[in-house]
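Report on the structure given below.
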Amino acid sequence: MSHRPIPTPGSPPPNTAVRPGGDRRARRRRTAAPAVLIAAVALLTGCGGSGHAATSPSSSARSHANAPLPVRLPVPDGFTTTSGWSTAAGPETPDPQPGSSGFPLVAVAPHSGLVLVAAADGSRLQAFSLTSGTLVWTFRPQALTNVQPGVFVQTAPDGNEEILFARQGQTSGSGLSQSAPTVTVDVIPANSHGTATAAHHIALPVPADSPVSFATTDTGFLVGTTNNGTDSQATVIDAATGTTRAATTQNLTVPDCGASSCTVAASPAFATSAGVVSAFQQTSGCDQWGTGSGAPCTTGFQVGTAWTSTAVAPSGKHTGIPVAATGHYLVAAWHTSDTQTDPPSLSSAQPTEFTVQDLATGKILAHVSCTSADQLTLQPGSAQSSTLTSPNGRYLISGQVAFDLTTGTGHCYTSTATTKGIDLTAVGNDGTAYGIIHTTDSTQANTLYGRLPIVQDAADQPQRPGARVDLATGTATALDPAAQVPSYLAADGSALFRTSNVLAVYPHS
């Protein structure tokens, strides 16, 4: 049997160059190193480091007393780093396609209490207990080459969580078979144990010259080629049944489109439990250039076949962009109008009204109006990776805005002439939230509203500091520049932290 120690800050893994203190960015989606050591578990890998086995309760109890302490990362006040657990981890490859959910290698299944960690080469997916770090199950998929994997969590209609292990790669081309590009999605029940098996395995052939994206919410999964947040032809996968269906651009007759109804081409952006959310832009019968010569052009969306944005838009808002969905909610951004030449943006030119709407009916449940000193592009699905609710369901964060769903109010954490914006990453039951202080530069990742992780391509760039916000008062406070920012806050107050080489869970102090 072989054991690999967890690297401590200042002591990188063998043959690995690590900056002192690790990567201070909070990232919701990360790569995990193939060999993982959990502080609460003495043995996670098989002989030679290539096998896998779930730790039984009895062996876990025997080994707990001898388990090493977790790596002590610098964290904000309020967390205890002398207990909890940690694992070795590695950096993920950023996805350059805006509107895509990317290829996250770490995810949390909140209802099941699991942290999912995928191997960078897509050869393995492991599920660890969020509270103890105990290995619960391991899944090994069919072999592919040149793999980009991603792990996603979805809630089925019956309330159970399903884990989707999606991979883009090449078939082996063994025997007489030619190697071919493919996308595979394995659906694994979150309540698996030991050696997990997939309830469903879906293989989708893809064109060799078309990069594929995953656009996901916690109730829907869409595979396609994202372009500015939408796709002309995509495939929707039903995690509960393993079935697939096509989602394509369709012509819709939209009521209240400018001065009358209009026919528009609506393209799928992402999937939800209420159906596919499709976005459209009116191109005729309206004032395309903002000259005031006619009714303004309408930009909007439709949710399944249930409702269309024009029927529920705030008064005078002709531009609506569905930026995210989570649970029973859809988050949208609204403007009075936008010209056809400029993409909708969050800026100081005109206020952007952000709304939380009932996914089934479109009813507005909470709203807030914001401006920003930065020019941040708003696209369908652009804030999906930064949108989530607190464990008790009261608070919702999305990009640089936060809502109290009990009172229907919101707060803006956007930039002003004197303050920087905050890209929110995690929110707790008490209304405490954390985020990364936004830095404006020319990279698309930093000009697209709500996208996490905020990508930094150069390893020698200074790391972005974080902030803590109090949603009860709306106040924000900068953290110590060295402090890591939580990427998830659990119901018990514990937090998940992620650096370039460590994944750690610390309890609330």
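General observations
- Fully extended contour minus Cα-Cα distance, from THR253 to THR473, at 0.36 nm per residue: 74.8 nm
- Label zone at ALA199 (point 7 Å along Cα-to-Cβ), backbone N below 11 Å, the stretch 129-172: 154-164
- Loop trypsin sites (Lys or Arg not before Pro), the stretch 340-431, which have at most 16 other Cβ atoms in a 10 Å radius of their Cβ (DSSP): LYS363
- Centroid-to-centroid, using Cα positions, the stretch 171-219 and the stretch 233-276 are 24 Å apart.
- Convex hull volume of the stretch 249-478 per residue (C-alpha atoms, cubic angstrom): 124
- Cβ-Cβ FRET estimate between ALA240 and ALA265, R0 fixed at 35 Å, reported to 0.05: 0.70
- Per-residue Cβ neighbour rank within 10 angstrom, fewest leading, THR477, THR409: THR477, THR409
- When +1 charges are put on Lys and Arg Cβ atoms and -1 charges on Asp and Glu Cβ atoms, the dipole computed for the stretch 249-478 relative to its Cα centre reaches about 280 debye.
- FRET efficiency, SER284 to ASP430 (Cβ-Cβ, R0 56 Å, nearest 0.05): 0.65
- Here the relative contact order of the stretch 249-478, from alpha carbon pairs under 8 Å that lie six or more residues apart, stands at 12 percent.
- Averaging the sequence gap over all C-alpha pairs within less than 8 Å and six or more residues apart, then dividing by the number of residues, gives the stretch 143-200 a relative contact order of 29 percent.
- Average Cα contact separation per residue, the stretch 215-369, under 8 Å, 6 or more apart, as relative contact order %: 16
- Student exercise, the stretch 151-299 dipole from Lys, Arg, Asp, Glu Cβ charges, in Debye to nearest 20: 260
Any read-out appearing in this document is the output of simple, stated calculations on the displayed coordinates, not a laboratory observation. Bear in mind the structure is a predicted one, so any value in this text is a computation, not a measurement. Here Cβ is always computed from backbone atoms with ideal geometry, including for glycine, and neighbour counts include all displayed protein chains.
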